[in-house]
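The values are calculated or read from the model by the stated rules, or taken from the named source; none is laboratory data. This is a predicted model, so every value here is computed, not measured. Accessible surface areas use protein heavy atoms only, side chains included; no ligands, DNA or RNA. Shrake-Rupley method; radii C 1.70, N 1.55, O 1.52, S 1.80 Å.
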Amino acid sequence: MTDSTMNVLCYWNRTILRTETYLRYIGKDVEIVPIDVPDQTTFMQLLNMVYDIFDVEKESQLILKCCYPARVNKFQPLVVRNDQTVARMAAVSWKNEISPVELFIEHTPPHLNNENDHSI
(Lines give C-alpha, C1' and ligand atoms only; values in the text may rest on other atoms or scores of the structure.)
Protein backbone atom coordinates (compact mmCIF):
# COMPACT_ATOMS: atom_id res chain seq x y z
CA MET A 1 0.00 0.00 0.00
CA THR A 2 1.33 3.43 -0.87
CA ASP A 3 0.69 6.67 0.98
CA SER A 4 -1.76 7.75 -1.73
CA THR A 5 -3.92 4.63 -2.03
CA MET A 6 -5.78 2.46 0.48
CA ASN A 7 -6.37 -1.15 -0.53
CA VAL A 8 -9.94 -2.17 0.31
CA LEU A 9 -11.73 -5.51 0.06
CA CYS A 10 -15.45 -4.93 -0.45
CA TYR A 11 -17.70 -7.69 0.89
CA TRP A 12 -21.08 -7.43 -0.81
CA ASN A 13 -24.65 -7.78 0.44
CA ARG A 14 -24.64 -10.26 3.27
CA THR A 15 -24.89 -9.98 7.05
CA ILE A 16 -22.21 -8.97 9.51
CA LEU A 17 -21.82 -11.27 12.49
CA ARG A 18 -19.85 -9.87 15.40
CA THR A 19 -17.79 -12.50 17.20
CA GLU A 20 -15.94 -11.98 20.46
CA THR A 21 -12.86 -10.60 18.73
CA TYR A 22 -13.69 -9.99 15.09
CA LEU A 23 -16.36 -9.41 12.46
CA ARG A 24 -17.47 -12.12 10.03
CA TYR A 25 -19.49 -11.63 6.90
CA ILE A 26 -21.93 -14.50 6.53
CA GLY A 27 -24.23 -15.62 3.76
CA LYS A 28 -24.32 -17.60 0.56
CA ASP A 29 -22.26 -16.53 -2.45
CA VAL A 30 -20.49 -13.62 -0.78
CA GLU A 31 -18.97 -11.43 -3.48
CA ILE A 32 -15.56 -9.96 -2.63
CA VAL A 33 -14.09 -7.22 -4.82
CA PRO A 34 -10.75 -5.47 -4.23
CA ILE A 35 -10.61 -1.72 -4.92
CA ASP A 36 -7.98 0.99 -4.56
CA VAL A 37 -9.29 4.04 -2.74
CA PRO A 38 -7.23 7.19 -3.34
CA ASP A 39 -6.13 9.37 -0.42
CA GLN A 40 -8.61 12.18 0.33
CA THR A 41 -11.57 10.21 -1.07
CA THR A 42 -14.88 11.63 0.12
CA PHE A 43 -17.79 9.55 1.33
CA MET A 44 -19.78 10.30 -1.84
CA GLN A 45 -16.84 9.24 -4.02
CA LEU A 46 -16.50 5.98 -2.08
CA LEU A 47 -20.25 5.39 -2.30
CA ASN A 48 -20.23 6.01 -6.05
CA MET A 49 -17.33 3.53 -6.41
CA VAL A 50 -19.43 0.90 -4.61
CA TYR A 51 -22.53 1.66 -6.70
CA ASP A 52 -20.49 1.32 -9.90
CA ILE A 53 -18.58 -1.82 -8.91
CA PHE A 54 -21.66 -3.77 -7.86
CA ASP A 55 -24.00 -2.19 -10.44
CA VAL A 56 -26.50 -1.09 -7.80
CA GLU A 57 -29.31 1.42 -8.27
CA LYS A 58 -28.32 4.72 -6.67
CA GLU A 59 -31.69 4.84 -4.90
CA SER A 60 -30.69 1.75 -2.93
CA GLN A 61 -29.82 2.10 0.74
CA LEU A 62 -26.25 0.99 1.44
CA ILE A 63 -24.71 0.59 4.87
CA LEU A 64 -20.91 0.51 4.86
CA LYS A 65 -18.96 -0.83 7.84
CA CYS A 66 -15.27 -1.52 8.28
CA CYS A 67 -13.30 -3.37 10.95
CA TYR A 68 -11.99 -0.86 13.47
CA PRO A 69 -9.31 -2.03 15.91
CA ALA A 70 -10.61 -1.51 19.44
CA ARG A 71 -7.74 -3.25 21.23
CA VAL A 72 -4.99 -5.67 20.30
CA ASN A 73 -6.62 -8.52 18.37
CA LYS A 74 -10.12 -7.13 18.94
CA PHE A 75 -12.19 -5.32 16.32
CA GLN A 76 -15.53 -3.57 16.24
CA PRO A 77 -17.59 -2.26 13.31
CA LEU A 78 -17.12 1.36 12.27
CA VAL A 79 -20.09 2.64 10.26
CA VAL A 80 -18.72 4.64 7.34
CA ARG A 81 -21.28 7.39 6.82
CA ASN A 82 -19.48 10.65 6.02
CA ASP A 83 -16.15 12.17 5.00
CA GLN A 84 -14.82 12.02 8.57
CA THR A 85 -15.39 8.28 8.93
CA VAL A 86 -13.78 7.62 5.52
CA ALA A 87 -10.76 9.61 6.73
CA ARG A 88 -10.76 7.65 10.02
CA MET A 89 -10.90 4.35 8.12
CA ALA A 90 -7.87 5.46 6.07
CA ALA A 91 -5.94 6.77 9.09
CA VAL A 92 -6.45 3.55 11.04
CA SER A 93 -5.36 1.57 8.01
CA TRP A 94 -2.13 3.51 7.61
CA LYS A 95 -1.34 3.86 11.31
CA ASN A 96 -1.88 0.16 12.06
CA GLU A 97 -0.55 -1.03 8.70
CA ILE A 98 -3.82 -2.82 7.96
CA SER A 99 -3.98 -3.80 4.33
CA PRO A 100 -6.36 -4.52 2.86
CA VAL A 101 -9.11 -2.79 4.81
CA GLU A 102 -12.28 -4.89 4.98
CA LEU A 103 -15.40 -2.96 4.00
CA PHE A 104 -18.71 -4.76 4.60
CA ILE A 105 -21.62 -3.54 2.50
CA GLU A 106 -25.25 -4.22 3.33
CA HIS A 107 -27.88 -3.41 0.71
CA THR A 108 -31.59 -2.66 0.74
CA PRO A 109 -33.24 -2.42 -2.70
CA PRO A 110 -35.17 0.85 -3.37
CA HIS A 111 -38.61 -0.81 -3.13
CA LEU A 112 -37.83 -1.95 0.45
CA ASN A 113 -36.49 1.39 1.71
CA ASN A 114 -39.95 2.62 2.65
CA GLU A 115 -40.97 -0.66 4.26
CA ASN A 116 -38.01 -0.99 6.63
CA ASP A 117 -36.09 1.60 8.57
CA HIS A 118 -32.45 0.98 7.65
CA SER A 119 -31.20 4.45 8.42
CA ILE A 120 -27.75 4.76 9.88
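Annotations for the structure displayed:
- Rounded percent of accessible protein surface that carbon and sulfur make up, region 1-104, 1.4 Å probe: 46 percent
- The lysines within cross-link reach of K28, meaning a Cα-to-Cα straight distance under 20 Å and a gap of 8 or more places when in the same chain, are K65.
- Lysines with Cα under 16 Å of K58, excluding same-chain neighbours fewer than 8 positions away: none
- Global geometry of region 1-101, whether rounded, prolate or oblate, following the gyration tensor of its Cα atoms and the 1.5 cut on a/c: oblate
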